[in-house]
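The values are calculated or read from the model by the stated rules, or taken from the named source; none is laboratory data. Bear in mind the structure is a predicted one, so any value in this text is a computation, not a measurement. All Cβ positions, even for glycine, are placed from backbone atoms using ideal geometry, and neighbour counts span all protein chains on display. Ligands, DNA and RNA are excluded from the accessible area calculation, which covers all protein heavy atoms including side chains. Shrake-Rupley method; radii C 1.70, N 1.55, O 1.52, S 1.80 Å.
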Amino acid sequence: MKLYHGSNIIVETPKILEPVRSLDFGAGFYLTTDFEQAKKWSILKTERSGIGRPTVSVYEILEEDMKKLCILKFDSANKNWLEFVSMNRKNEIIEDNSDIIIGPVANDNTMPVITLYLRGDYDVNEALKRLLPQKLKDQIVFKNEKSLSYLKFVEVINIWKIIWCIFLITMIKK
């Protein structure tokens, strides 16, 4: 399986870092199967930090290696996913022995709904009803060193070079 990590730096050796903000699935190394999602994240991360360049690091993990790991998977933005993300967003300790967690990513479009749910303005059913029409991308979080040991770095895609080339082509055409 091919996985992508968008950042402002090349990440050849992934690490589990404590997040500076609350994340959907807590501390871990976040990836996605969707290149466009990783590309967007790399641009956003670079803009927010003000340093580095948009970069997507590409990895592979073998299906047989995935079978050796304890995986918690949310197939959709359902009640269990909403409660799990909400607990992580509130920094509540979640006892979880998973090596990897897979599920939809709470993006900029979903966060207002989740915020209203956390505040108590929406109950579970209302929040899920509002999340249902959104086409959420996936996130795959490697939670520990054991899971990271199966992840193999493949290559880096310099998004900034792609953006620069598009800019130059646009300028030449004018």
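Values computed for the structure shown
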| item | result |
| --- | --- |
| Lone unmet requirement of (1) out of contact with any Lys or Arg (no Cβ under 9 Å at 6 or more places or on another chain); (2) of a type in the set (D, E, K, R); (3) at pLDDT 85 or above for ASP99 | (1) |
| Those residues of the range 87-104 which are open to solvent by 100 Å² or more (accessible area, probe 1.4 Å) and of a type in the set (Ser, Thr, Tyr), in sequence order | none |
| Those residues of the range 1-36 which are at pLDDT below 90 and either of a type in the set (Asp, Glu) or not in a loop (DSSP other than H, G, I, E, B) (or both), in sequence order | GLU18, ASP24 |
| Members of the range 50-90 found to be hydroxyl-bearing (Ser, Thr, Tyr) and modelled with pLDDT of 90 or more, listed by number | THR55, SER57, TYR59 |
